[in-house]
1. Condition (residue is closer than 14 Å to residue 162 by Cα and in contact (Cβ under 8 Å) with a residue 12 or more places away in the chain) applied to the stretch 78-85: is it met by at least one residue?
2. When you look at residue 184, is it within 20 Å of residue 89 (Cβ to Cβ), modelled with pLDDT of 80 or more and within 16 Å of the chain's Cα centre (by Cα), yes or no?
3. Can you name the residue in the stretch 154-170 that is out of contact with any strand residue (DSSP E or B) (no Cβ under 9 Å at 6 or more places or on another chain) and in contact (Cβ under 8 Å) with a residue 40 or more places away in the chain and is also farthest from residue 137 (Cα to Cα) among such residues?
4. With respect to residue 129, is the statement that it is at pLDDT 95 or above, out of contact with any strand residue (DSSP E or B) (no Cβ under 9 Å at 6 or more places or on another chain) and closer than 19 Å to residue 212 by Cα true?
5. For the structure I just gave you, tell me whether residue 11 is modelled with pLDDT of 95 or more, in contact with a strand residue (DSSP E or B) (Cβ under 7 Å, 6 or more places away or on another chain) and under 30 Å from residue 149 (Cβ atoms).
6. So is residue 112 touching a strand residue (DSSP E or B) at 6+ places or on another chain (Cβ under 8 Å), within 22 Å of residue 14 (Cα to Cα), in contact (Cβ under 8 Å) with a residue 12 or more places away in the chain and surrounded by 22 or more Cβ atoms within 10 Å (Cβ to Cβ) or not?
7. Select the strands (runs of 3 or more DSSP E) contained entirely in the stretch 1-97, then report the ones holding at least 3 residues which are buried (at least 19 other Cβ atoms within 10 Å of the Cβ).
């Protein structure tokens, strides 16, 4: 049966590459973006024979959008197989934990953590209904507590918290064949990562996409880097 995948923040960078690769694997990709014009432009650039995309305008900080997404998926497909929680912001590249404006921390947390949590909650009922689901939270090595240092305070906090959500959901959803993992894509050449990053988006997605196709006995509640389990 055809699989349905939702990708948040799909209009650029890692999200765009994930969407293209999922479509090549035969998934129907629900391509989401906060900005409809930019999202449609990006999605239309990916369309070619055999690829199946549908656009959905989604602000991950909007409860209304989350409810509408759930209703849309129920009506159109009756299921969702995979969620890639990719949408994120990094506004604090030059900030210090000592001086960062806490409103910046709140805004980053709302998008990167609460937003991902909300979208997960929006699709979980459909996953439970079908006794199948894969949730992949795009995290970061900057959120790993074992190597936590200074700098990027808002972003670090948001990703460490996203990892905590991964652990909680994995535990609670294990009876329903729903696998939840976090993944560190590494330092990637995107608008966020910059031109000097060590990985291309294609290389990063190589180390992410396999999580969408884990078998029913696959690992859950883990943190991965380069297809290997990494310390939290």
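1. Of the residues in the stretch 78-85, the ones closer than 14 Å to residue 162 by Cα are 84-85.
After this cut, where a residue has to be in contact (Cβ under 8 Å) with a residue 12 or more places away in the chain as well, the list is 84-85.
Yes.
2. So residue 184 passes the test.
3. Residues of the stretch 154-170 that are out of contact with any strand residue (DSSP E or B) (no Cβ under 9 Å at 6 or more places or on another chain), as a first pass: 154-158, 160-161, 164.
This time we only want the ones that are in contact (Cβ under 8 Å) with a residue 40 or more places away in the chain, so: 154-155, 157-158, 161.
On the way: 154: 17, 155: 14, 157: 15, 158: 12, 161: 11 Å.
Ranking the qualifying residues of the stretch 154-170, first place goes to 154.
4. Working: at pLDDT 95 or above: yes; out of contact with any strand residue (DSSP E or B) (no Cβ under 9 Å at 6 or more places or on another chain): yes; closer than 19 Å to residue 212 by Cα: yes.
Yes.
5. Values: modelled with pLDDT of 95 or more: yes; in contact with a strand residue (DSSP E or B) (Cβ under 7 Å, 6 or more places away or on another chain): yes; under 30 Å from residue 149 (Cβ atoms): no.
No: the conditions fail for residue 11.
6. Details: touching a strand residue (DSSP E or B) at 6+ places or on another chain (Cβ under 8 Å): no; within 22 Å of residue 14 (Cα to Cα): yes; in contact (Cβ under 8 Å) with a residue 12 or more places away in the chain: yes; surrounded by 22 or more Cβ atoms within 10 Å (Cβ to Cβ): yes.
Here the answer is no, as residue 112 does not meet what is asked.
7. Numbers: elements: 4-7, 28-33, 52-57, 82-85.
By residue number, 4-7, 28-33, 82-85.
Every residue, every condition in (1) at pLDDT below 95; (2) under 29 Å from residue 229 (Cβ atoms); (3) in contact with a helix residue (DSSP H, G or I) (Cβ under 6 Å, 6 or more places away or on another chain), yes or no:
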{"site": "64", "(1), (2), (3)": "no, no, no"}
{"site": "80", "(1), (2), (3)": "no, yes, yes"}
{"site": "84", "(1), (2), (3)": "no, yes, yes"}
{"site": "89", "(1), (2), (3)": "no, yes, yes"}
{"site": "102", "(1), (2), (3)": "no, no, no"}
{"site": "122", "(1), (2), (3)": "no, yes, yes"}
{"site": "147", "(1), (2), (3)": "yes, yes, no"}
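The values are calculated or read from the model by the stated rules, or taken from the named source; none is laboratory data. Keep in mind it's a predicted model, so treat the numbers as computed, not measured. Positions of Cβ are backbone-derived with ideal geometry, glycine not excepted, and every protein chain shown enters the neighbour counts.
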